Amino acid sequence: MGTGDYNSWDGPINVPTTISQDLAEFVISQDIDTAISRKMEVDHGAVQPVEIMYGNLSDKPMIPIFVNSVARPFVKVSRVRKFGQAVGEFFKNSDKKVLFIGSGGLSHDPPVPQIATATEEQRAFLTDGRKPTPEARAARQQRTIDTAVAFAKGEADIMDLNPEWDQAFLEICKSGDVTGFDALNADEMDAVAGHSSHEVRTWVAAYSALKACGDYEVTYEFYKPIKEYIAGFGVTTAVIK
């Protein structure tokens, strides 16, 4: 189910149940611990790319895969790579056309509260904020938008973007050697690229899944640090050679 935040898809998603369950069982068989949800909700980060490409998410089959990119403790990035590899191996010999999507990142540190420093109200939202009222959601989204406007003007007290870090990450994607992701370290990511830079873990999983299907080449790459988005904004596409 899409949550509808930031005017994204608000409604059911066409999830192929049997394939999803078979995928989870295969990943577990590869000694990668995972779980499934019968009532999973996904926000703009998961649905917007598919919305843009295909429109109606109730028509196009889609398996949302959650990779923790927000809250500690984080697993090693090498584990995310191996998880993505297992997903790719499951689909490697499929008779279906499969698209792996990783969305989020790159460097950014938006005003998302951290559990260690959060107020009681923020802690309540972080731990039990799944169904915010329309008013609460609108207020939260407006705070982010206001921060973005201030950030673009140089008036927001948040971490700056790190284009150099972003480009280095994109180079690993382009290299085809997904083991290069293993050098990423959670503490360093926080310090140099922002607390939300962990969203690149979905890129790691997606590229590792693709690599498991064969050698690939990046066919398109766009990058721009966009302060109005509070993010280093990147888009890449890649295909099996």
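The values are calculated or read from the model by the stated rules, or taken from the named source; none is laboratory data. Remember, it's a predicted structure, so these values are computed and weren't measured experimentally. Cβ placement follows ideal geometry from the backbone for every residue including glycine, while neighbour counts extend to all protein chains displayed. For the accessible areas, the whole protein counts, side chains as well, though only heavy atoms, and no ligand, DNA or RNA atoms are used. Shrake-Rupley method; radii C 1.70, N 1.55, O 1.52, S 1.80 Å.
Rounded to the nearest Å, what's the spacing between the alpha carbon centres of segment 173-241 and segment 72-148? Just the number, please. Rounded to whole Å, the Cα centres lie 15 Å apart.
Against the empirical curve 2.2 N^0.38 Å, the C-alpha radius of gyration of segment 9-131 lands at a ratio of 1.19. Full extension of the chain between Asp22 and Thr179 gives 53.9 nm of extra length, using 0.36 nm per residue less the Cα-Cα distance. Karplus-derived 3J(HN,Hα) values for segment 67-73, using 6.51 cos²θ - 1.76 cosθ + 1.60 with θ = phi - 60°, are 10, 4, 10, 10, 10, 5, x Hz; glycine and proline are entered as x.
Shown in residue order for segment 183-195 are the 3J(HN,Hα) couplings computed by the Karplus curve 6.51 cos²θ - 1.76 cosθ + 1.60 at θ = phi - 60°: 6, 5, 10, 4, 5, 5, 4, 4, 6, 10, 10, x, 5 Hz (x for Gly and Pro).
Heavy-atom accessible area with a 1.4 Å probe sorts Glu155, Glu51, largest first, into Glu155, Glu51. Its convex hull of Cα atoms gives the chain a direction-averaged projected area, equal to a quarter of the hull surface, of 13.2 nm².
Entry note, segment 66-198: relative contact order of 46 percent, from Cα contacts under 8 Å with a spacing of 6+ residues. For the peptides 91-99, 75-83, the ranking by mean Cβ contacts within 10 Å, running from highest to lowest, is 75-83, 91-99. If you take all other residues with their beta carbon under 13 Å from the beta carbon of Glu171, and give Lys and Arg +1 and Asp and Glu -1, the sum is -3.
With only the Cα atoms considered, segment 198-241 has a convex hull volume of 58 Å³ per residue. Just list whichever of Lys76/Lys224; Lys39/Lys76; Lys76/Lys211; Lys82/Lys224; Lys174/Lys227 have alpha carbons separated by over 21 Å in the model shown. Distance filter (> 21 Å) returns Lys76/Lys224; Lys39/Lys76; Lys82/Lys224; Lys174/Lys227. Straight-line cross-link reach from Lys153 at under 20 Å between alpha-carbon atoms covers these aspartates and glutamates, not counting any fewer than eight positions away in the same chain: Asp109, Glu228. Per-peptide packing, taken as the mean over residues of other Cβ atoms within 10 Å, places 138-146, 209-217, 171-179 in the sequence 209-217, 171-179, 138-146 from highest down.
Taking all protein chains together, Arg137, Arg123, Arg201 sort by accessible area into Arg123, Arg137, Arg201, largest first [probe 1.4 Å]. Remark: segment 82-94, residue by residue, has Karplus-estimated 3J(HN,Hα) of 5, 4, x, 4, 5, 4, x, 5, 4, 8, 3, 9, 5 Hz, where x stands for each Gly or Pro and the curve is 6.51 cos²θ - 1.76 cosθ + 1.60 at θ = phi - 60°. When the alpha carbon gyration tensor of segment 1-54 is reduced to an equivalent ellipsoid, the three semi-axes, largest first, read 25, 11, 11 Å.
Entry note, the chain: the mean residue ellipticity at 222 nm calculated from DSSP H runs of n ≥ 4, each adding -39500 (n - 2.57), is -13000 deg cm²/dmol after division by the residues and rounding to the nearest 500.
Fully extending the segment from Thr144 to Ser78, taken as 0.36 nm per residue of separation minus the present Cα-Cα distance, adds 20.6 nm.
Put Ser29, Ser196 in order of accessible area, highest first, and with a 1.4 Å probe you get Ser29, Ser196. To put it simply, the accessible area of the chain at a 1.4 Å probe is 52 percent carbon and sulfur. Normalised per residue, the accessible area of the chain is 58 Å², obtained with a 1.4 Å probe and no contribution from ligands, DNA or RNA.
Full extension of the chain segment joining Phe66 with Phe222 gains 53.7 nm, where the gain is 0.36 nm per residue of separation less the Cα-Cα distance.
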